[in-house]
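Trainee: Have a look at the structure that comes next, please.
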Amino acid sequence: MSVSQNQTRDAADALSDTARLRQVMGHFASGVVVVTAMDGSQPVGMTVQSFASLSLDPPLCLLCPAKSSTSWPRIIRSGRFVINVLGAEHRDLSRQFAVSGGDKFRDVRWTASPASGSPVIDRAIAWLECKSSAIHDGGDHHVAIASVVDARISQEENVAPLIFFRGTFGAFTVRPGQ
Ligand SMILES: Cc1cc2nc3c(=O)[nH]c(=O)nc-3n(C[C@H](O)[C@H](O)[C@H](O)COP(=O)(O)O)c2cc1C
């Protein structure tokens, strides 16, 4: 096999490896959050799946924004943001916040968070007010670690979270006591 044939095969293998990795990773079900902040007087936000609790003492969480995101540099500018944990009713909203450009806050009701004035989305099932602590390199993503300065849950008992699995949305039914 010639060098150029080898290069073509390597490129094809790399492509299929990326597609396979994406497909396999898609089998990890997760909740969905929208990260919001104020960029001056403009609200900004993006849908994120790569959110996790990191530490209780000190209180830390993490998320992984893509380096290609246009919203993330605006979110991180002030160093303060809110993680809005979405409910099953927020399926369309999560799609809206995943589209680059345009008016992501169209028809979205929100109030300003107490500490930073970042958008708290109406009926988010929980939210955390955060302060950026460290940004690490993560390949084509950043690994952003944040201090949690405030954290609240919805007062409703029978809330259902929004779930993302294999590229589509679903819901998890909460049955108290089971
Ligand atoms: C369910 C779901 C989960 C997502 N998770 C992430 C994520 O963890 N990190 C990320 O950078 N983008 C994630 N995205 C894609 C971003 O939301 C999208 O690329 C971004 O909002 C693009 O807009 P921007 O250019 O304004 O940043 C996710 C999208 C969806 C629908």
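Trainee: Can you work out which of the residues in segment 136-178 that are small (Gly, Ala, Ser) and modelled with pLDDT of 95 or more is farthest from residue 81 (Cα to Cα)?
Mentor: Per the criteria, the residue is 167.
Trainee: Let me ask another. Quick check on my filter: what residues within segment 117-134 are more than 24 Å from residue 91 (Cβ to Cβ), surrounded by fewer than 21 Cβ atoms within 10 Å (Cβ to Cβ) and either touching a residue at least 12 places away in the same chain (Cβ under 8 Å) or in contact with a Pro (Cβ under 9 Å, 6 or more places away or on another chain) (or both)?
Mentor: 117, 131, 132, 133
Trainee: Let me ask something else about it. What number of residues within segment 25-49 are open to solvent by 70 Å² or more (accessible area, probe 1.4 Å) and within 14 Å of the chain's Cα centre (by Cα)?
Mentor: Residues meeting the conditions: 1.
Trainee: Separate question: Looking at segment 14-41, which of the residues that are over 20 Å from residue 95 (Cα atoms) and not aliphatic (A, V, I, L, M) is nearest to the ligand (Cβ to nearest atom)?
Mentor: Checking each candidate, the answer is 39.
Trainee: Out of the residues in segment 77-91 that are open to solvent by 40 Å² or more (accessible area, probe 1.4 Å) and within 14 Å of the ligand (Cβ to nearest atom), which is nearest to residue 126 (Cα to Cα)?
Mentor: Within segment 77-91, the match that is nearest to residue 126 (Cα to Cα) is 91.
Trainee: For residues that are assigned to a strand (DSSP E or B) and among the hydroxyl-bearing types (Ser, Thr, Tyr), scanning just segment 92-134, find the one that is nearest to the ligand (Cβ to nearest atom).
Mentor: Here is the first cut: in segment 92-134, the residues assigned to a strand (DSSP E or B) are 110-112, 119-121, 126-134.
Among the residues that remain, those that are also among the hydroxyl-bearing types (Ser, Thr, Tyr) are: 111, 132-133.
Details: 111: 22, 132: 15, 133: 18 Å.
Among them, the one singled out is 132.
Trainee: Next question, about the same structure. Exactly one of these conditions fails for residue 52: (1) in contact (Cβ under 8 Å) with a residue 60 or more places away in the chain; (2) open to solvent by less than 70 Å² (accessible area, probe 1.4 Å); (3) within 15 Å of the ligand (Cβ to nearest atom); (4) small (Gly, Ala, Ser). Give me its number.
Mentor: Failing condition for residue 52: (1).
Trainee: While we're on this one: Within segment 55-74, take every residue that is more than 15 Å from the ligand (Cβ to nearest atom) and in contact with a strand residue (DSSP E or B) (Cβ under 7 Å, 6 or more places away or on another chain) and give me the one that is least open to solvent (accessible area, probe 1.4 Å).
Mentor: 60
The values are calculated or read from the model by the stated rules, or taken from the named source; none is laboratory data. These figures come from a predicted structure and were not determined experimentally. Neighbour counts are summed over all protein chains in view; Cβ atoms, including those assigned to glycine, are modelled from backbone coordinates with ideal geometry. Quick note on the areas: whole protein, heavy atoms, side chains included, nothing else; ligands and nucleic acids left out. Shrake-Rupley method; radii C 1.70, N 1.55, O 1.52, S 1.80 Å.
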